[in-house]
Amino acid sequence: MLVQRKYRTQRIAKILYKEITKIILYKLNNPKIGIITVSKVFVSNDLHYVKVFVTSLNRNNINQINFSIKPLIKATNYIKYYINKHILLKKVQHIVFLSDDSILKNIRVTNLIKSIEN
């Protein structure tokens, strides 16, 4: 039973990943958002909470990424409305946008390695 629940949440996370990406790319027309990429989506076991990790490729530090996330947080109700309109899920009630700084960390490590090699 637990394996089925885990598999189901993974499938729902993939579907939500695709839908949220479509919404950000095609439906939200806010220039403050910039170029945002959805990197991960996690769904809780009870399907009440969704964590969406986003990263921005044109931002250099975490503060600038957080600046891009603020308009997404304001658009959360619209995103939930669009998801409920296109996906038949009864329980998605809370969507949280978080910054994913793994790309920035990878760039920093790569630059450190390059500086050691030189």
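Descriptive notes on the structure:
- Semi-axes of the equivalent ellipsoid for the chain, Cα gyration tensor, largest first, Å: 29, 19, 10
- Axial C-alpha extent at least 20 Å, average Kyte-Doolittle at least -0.5 - helices from the chain (DSSP): 102-117
- Placing R0 at 41 angstrom, the Cβ-Cβ distance between Arg11 and Ser115 gives a FRET efficiency of 0.45 after rounding to 0.05.
- Summarising the strand pairing of the chain, around 55 percent of its internal DSSP beta bridges are antiparallel.
- Between Tyr17, Tyr26, Tyr78, the GNM of the chain built on Cα springs shorter than 10 angstrom shows Tyr26 fluctuating the most.
Values quoted throughout were computed directly from the atomic coordinates according to the rules given, and no laboratory measurement underlies them. All values derive from a computational prediction rather than experimental measurement. Don't worry about glycine lacking a Cβ; one is built from the backbone with ideal geometry, like all the others, and counts go over all protein chains shown.
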